[in-house]
Amino acid sequence: VAVRMPNQPDFGPYSKTCSIVVPPIARTIEDTSVTAVAFDAQVYPNPFAEQFYFKVATASQESFTIQVYDMMGRTIESRTVNADAIETTEIGANYPAGVYQVIVTQGTNVKTLRVVKR
């Protein structure tokens with residue numbers, strides 16, 4: 001076994017035995033009993049023909065802001081939706097066929113999605 005130490009250009013001498021000393025902090029086991037839900041937002045179906053919906057994973061009950069832009073950067077729609085109504089919100093029914101950027105914001109969490117209307 002040969003070991004290369006940090007900030008040393010070469011490996012140490014080879015030997016038959018190997019003793020590894022690990023600092024106590026490296027032995028700490030993370031408590032995974034409390035799982036934090038990261039913010040995530042998705043749209044479906046994509047591409048869509050009539051309208052699309054949101055699937056959101058979040059622990060917050062703050063309202064969402066939904067902003068939709070066309071590919072020229074023009075605002076197509078902007079609305080605020082309560083957290084309990086986000087997954088039943090329909091968007092895009094009156095949009096012409098094309099590609100759209102959707103920005104979903106909840107507090108400091110922001111997710112940008114691209115959707116296509118056929």
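The values are calculated or read from the model by the stated rules, or taken from the named source; none is laboratory data. As the structure is a computational prediction, the values presented were derived from the model and not from experiment. We place every Cβ from the backbone using ideal geometry, glycine too, and count neighbours over all the protein chains shown.
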Do we have residue 66 as surrounded by 14 or more Cβ atoms within 10 Å (Cβ to Cβ), modelled with pLDDT under 95 and not acidic (Asp, Glu) here? no
Please verify whether residue 56 is at pLDDT below 90, surrounded by 12 or more Cβ atoms within 10 Å (Cβ to Cβ) and not basic (Lys, Arg), treating the condition exactly as stated. no
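Quick grid of which residues meet (1) modelled with pLDDT of 95 or more; (2) over 15 Å from residue 42 (Cβ atoms):
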{"residue": "81", "(1), (2)": "yes, yes"}
{"residue": "86", "(1), (2)": "no, no"}
{"residue": "95", "(1), (2)": "yes, yes"}
{"residue": "100", "(1), (2)": "yes, no"}
{"residue": "104", "(1), (2)": "yes, no"}
{"residue": "107", "(1), (2)": "no, yes"}
{"residue": "110", "(1), (2)": "no, no"}
{"residue": "117", "(1), (2)": "yes, yes"}
In the stretch 93-110, anything surrounded by 18 or more Cβ atoms within 10 Å (Cβ to Cβ) and closer than 15 Å to residue 39 by Cα is listed as 104, 105, 106
Expected single match for among the aromatic types (Phe, Trp, Tyr), in contact with a helix residue (DSSP H, G or I) (Cβ under 9 Å, 6 or more places away or on another chain) and either in contact (Cβ under 8 Å) with a residue 24 or more places away in the chain or on the phi < 0 side of the Ramachandran plot (or both) among 69, 100, 95, 53 is 53
Being at positive phi and crowded, with 17+ Cβ neighbours inside 10 Å is the filter here, so list the residues in the stretch 72-92 that pass it. 92
Condition check for residue 37: out of contact with any His (no Cβ under 7 Å at 6 or more places or on another chain), at pLDDT below 95, more than 30 Å from residue 2 (Cβ to Cβ) and not in a strand (DSSP E or B): yes
